[in-house]
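To start, the structure under review is shown below, and the notes come after it.
The values are calculated or read from the model by the stated rules, or taken from the named source; none is laboratory data. Quick caveat: nothing in here was measured; it's all calculated off a predicted structure. Neighbour counts are summed over all protein chains in view; Cβ atoms, including those assigned to glycine, are modelled from backbone coordinates with ideal geometry.
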Amino acid sequence: MAGCQPRGGYVLVIAEKPKAASKIAEALGAGRARKCSMYSVPYWVLYWEGRLTVVAPAAGHLYGLYTEERGFPVFTYKWVPLDVAEGAKHVRRFLALLAALSKRASVYVNACDYDIEGSVIGYLIIRFLGDVKRAYRAKFSALTPTDIRRAFRRLEPLDWPMIEAGLARHELDWLWGINVSRALMDSVKLVTGRRVVLSAGRVQSPTLVEAARREARRRLHVPLPRFHVRVRLSAAGVRLDVLAASVERRAEAERIASLIERRGYARVASVRARRERLNPPPAFNLSDLQMEAARLYGYSPAFTQEVAEQLYLDSLISYPRTNSQKLPPTIDFASILRGLSGHPRFAALVSRLLRETGGVLRPVQGPKDDPAHPAIHPTGVLPQRRLNRAEERIYELIVRRFLAAFAKPAVLEKTSATIDLGVARVTISEVAVVEEGWLHYYPYSRPSGSIPRLRQGQMLRVENVRIETVYTEPPEAYTKAKLVKWMEKVGIGTEATRARIVETLFDRGYLRLSQGRVTVTDLGFAVAEVLEEYFPKLTSVSMTREFERLLEDIRAGRRGRKEVVEEAKRVLRTILEDFKRKAMRDAGVLLAKSLRLVPAERPCVICGRESIDGRFCRFHAEALAAVRKGFEEWRRRLGDISFEEYLGMLAKLPQSGLWVKDVALHLLGSTSGVQRGRR
């Protein structure tokens, strides 16, 4: 057994976190690793294949970018310990341990998570405390003994393309963030003399702008009436309520309702049934898992990611920060199923799957891939502790989705019936599960809904006809999960960073949650407005996506880090110097007034923001224009309605946007406003 003070010449293995270090030591030491401690941080000493080995943890990132320059633009920076860069005092103990152990090591192994962040974390530790010329990379996708040992038998050189891409991402994010944030803060200070903490970011800012645009559209929504003609039909053993028509004008709805009523009956024109195979979904990538956990349990993407990372550290699942929907044949599926068969919740499912497949395990593959890791899958290792409720739920989702990927397609029967009402024809439908297939393993996607049994030519009596007034809904509000999905759709951020970026917008006070929906604060609107007005290029999705492409080029070895960073500096320098020269005071005034740091010269009569016309701020002026335009459409649809009646409806309807309601209530309290609207 090795002691806690090895003399030197050992292999120093650097893990990303203490729990990962413990798993690596356990796997390599085969239960004979000695647990030691220095500076209150654990490390392990063991022999791996006859070589003295020390396994020590980091605590995630231990280094960050820093500059001593003030003002903006700033383009000189260096990597320093995170306690210097950000005041993160907890890293000091880990750096002290790694510095002491690195002095006597002869070989270094980066065994941090195999992704861009893990590559950067391990590289920087070895660069500053060890020797990158004597360094290797361990690559594994699960913290199981088998995966870890396999990785350490196949150590590779440091993954320079990943390191370079990671360093470039940090540099770009830092350059964007510090320069635009300082530009915002210095603008406010120029006008008010006060220092207000504001922040912007390369991916954060376009995400904020998108959230503000969506929220503005919701707050400017003028609901328009529509008219649904609903008919209740009946026959022996059948009662049915159908939507006969949905029209914009009330007079048209009344005409249709009258014709249906006068006719008094309907006829089943056709009944058709067809069977359809529904293929199983692929195993989860992180984005799919986050969306499904949000749909089923209301979990935020960041929370789901945090839970999944804990399951990974417990060796229960593979590495979760992956974009892949593929399970390569190199994974030992049979071994994983054998492990899962020991779990009381999954034993029967595994047994059934093996019977159905005859032991031939060919998973369905999704289109998305990841060069570093496969789709998220269980490892077959069973929990060694009691999982909490969230961990149980996420673990079960992953296991069931994995099992479903091997199962047969489901067979559905889709039945549709067309009902002839004379003036209109309507089609109703249902989906029934004929053969469960993969739905037995993953029931969360089971279709639902049914219709009465109908036959072609069957006559149905019209019992009742009614007209319902419905109102158009505002654009759907973002949830945290849907905002992350938008980021993925437009190609900004990464599967590992998107959830964290959304949480940053909440931490900054730019966004908040209201009944599970994302809303934008006054501060968020103010910052988004300034970013759109004065930094449109820097906050555009297209530019952000272009730099994501360049970062991917670095990772693929098609481009160098210096080239990409210099291009970013060139773009930033031009925009920031132009801003400083021409627009800084104007931006400061806009921010200061939006943040109520200085009084408005001509306050909005509704909210007190600076008005653009002596009466209304930009938001309420847009709402007034929308209200006036909406009135003409309401009159076309409803016929004779007064402006006052219309305003009263807008003020009451839950579908009305917040700024629209503000304007409606203001005009209702102003006789002159009502008269102007009538004209």
Meets criteria (outside the structural domain of Gly493 (by TED's automatic domain parsing) and surrounded by 14 or more Cβ atoms within 10 Å (Cβ to Cβ)) for Arg274: no
Which pairs do you get when a residue that is farther than 12 Å from Pro280 by Cβ, found in the stretch 434-457, comes within reach of a residue that is acidic (Asp, Glu) and surrounded by 14 or more Cβ atoms within 10 Å (Cβ to Cβ), reach meaning Cβ atoms under 8 angstrom, with the pair 6+ apart or on two chains? Val434/Glu413; Tyr444/Glu292; Gly449/Glu430; Ser450/Glu430; Ile451/Glu430
Quick count over the stretch 56-95, residues being among the β-branched types (Val, Ile, Thr) and assigned to a strand (DSSP E or B), is 1
Filter the stretch 318-352 for residues that are assigned to a loop (DSSP other than H, G, I, E, B) and aromatic (Phe, Trp, Tyr) and give the result. Tyr319, Phe346
Flagged in the stretch 561-582 as under 28 Å from the mean Cα position of the chain (by Cα) and farther than 21 Å from Glu533 by Cα, in numbering order, are Arg561, Val564, Val565
Does Glu567 satisfy the condition of being touching a residue at least 12 places away in the same chain (Cβ under 8 Å), assigned to a helix (DSSP H, G or I), surrounded by fewer than 18 Cβ atoms within 10 Å (Cβ to Cβ) and not aromatic (Phe, Trp, Tyr)? yes
Report yes if some residue within the stretch 13-20 is part of a helix (DSSP H, G or I), assigned by TED's automatic domain parsing to the domain that holds Asp115 and more than 15 Å from Ile148 (Cα to Cα); otherwise report no. yes
Got at least one residue in the stretch 189-204 being farther than 16 Å from Pro474 by Cα, more than 34 Å from the chain's Cα centre (by Cα) and part of a loop (DSSP other than H, G, I, E, B)? yes
Just need a number here: residues in the stretch 515-560 that are under 20 Å from the mean Cα position of the chain (by Cα), among the charged types (D, E, K, R) and either at pLDDT below 90 or buried (at least 17 other Cβ atoms within 10 Å of the Cβ) (or both). 1
If Tyr136 meets every condition in (1) at pLDDT below 95; (2) in a strand (DSSP E or B) apart from one, which number is that one? (1)
Over the stretch 185-219, the set of residues surrounded by fewer than 22 Cβ atoms within 10 Å (Cβ to Cβ) and among the polar types (S, T, N, Q) is Thr192, Ser199
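Within the stretch 521-535, work out how many residues are in a helix (DSSP H, G or I) and among the β-branched types (Val, Ile, Thr). If you could, list the steps in order and put the result at the bottom.
Keep residues of the stretch 521-535 that are in a helix (DSSP H, G or I), which gives 522-534.
Right, trim to among the β-branched types (Val, Ile, Thr) and you get 527, 530.
Going through the stretch 521-535 one residue at a time, the tally reaches 2.
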Within the stretch 447-469, is even one residue in contact with a helix residue (DSSP H, G or I) (Cβ under 6 Å, 6 or more places away or on another chain), assigned to a loop (DSSP other than H, G, I, E, B), of a type outside the set (Ser, Thr, Tyr) and not assigned by TED's automatic domain parsing to the domain that holds Ala294? no
Apart from one, (1) within 30 Å of Ala269 (Cβ to Cβ); (2) part of a helix (DSSP H, G or I) all hold for Glu430; the odd one out is (2)
